[in-house]
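Worksheet for the structure shown next.
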Amino acid sequence: MEEKCPKCKSNKKVVCYGVRHNRSGDKQKYRCNVCGCYFIKKDAFFKRKYSKEIIAEACSCYKRGMSFEATANHINEYKGTNIVQSTVFYWVTHYSTILKKMGQ
């Protein structure tokens, strides 16, 4: 699948340009040879503070019947984070709508 430049919308001269490393993992970097823009493909976890694994575990705990507060306490205890129940609520509502769209 060809990538499109978010700045000039060109997909003719977009090339892979290395990998970005940070605490959320490795991501493929791209460069547009038309306008010179560097970018990273956005995914469902774009600009999230916590890792995919923590978010997935929180959603899984809630789906297994734990309350938002119990889920937050569980994640905080076992993963060493400082998540509040409103964050778990946001994750569950946000990612459940994405999963519903994928299932249709």
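When 57, 69, 77, 3 are compared by accessible surface with a 1.4 Å probe, the order from highest to lowest is 77, 69, 57, 3.
Note on residue 7 and residue 86: their simple-model spin labels are 3.7 nm apart, each label 7 Å out from Cα toward Cβ. Taking label positions 7 Å along the Cα-Cβ direction at both residue 33 and residue 69, the computed distance is 5.9 nm, reported to one decimal. Treating the angle as unsigned and between 0 and 90°, give the value, to the nearest 10°, between the Cα long axis of helix 85-103 and the longest Cα principal axis of the chain. That helix lies at roughly 60 degrees to the long axis. For the range 14-53, carbon and sulfur atoms together expose 51% of the accessible surface, with a 1.4 angstrom probe and every protein chain in place. Projected onto their three principal axes, the Cα atoms of the range 8-101 cover extents of 50, 29, 17 Å, largest first.
The accessible area of residue 39, taken with all protein chains in place and a 1.4 Å probe, comes to roughly 20 Å². For the chain, what does -39500 (n - 2.57) per DSSP helix run (n ≥ 4), summed and divided by total residues, give at 222 nm, in deg cm²/dmol to the nearest 500? That calculation yields -13500 deg cm²/dmol at 222 nm.
Rg of the Cα atoms in the range 40-84, relative to 2.2 N^0.38 Å, amounts to 1.22.
The values are calculated or read from the model by the stated rules, or taken from the named source; none is laboratory data. Treat the numbers as computed from the prediction; the structure is a model and nothing was measured. Heads up, the Cβs are rebuilt from the backbone with ideal geometry, glycines too, and the neighbour counts pull from every protein chain shown. Accessible surface areas use protein heavy atoms only, side chains included; no ligands, DNA or RNA. Shrake-Rupley method; radii C 1.70, N 1.55, O 1.52, S 1.80 Å.
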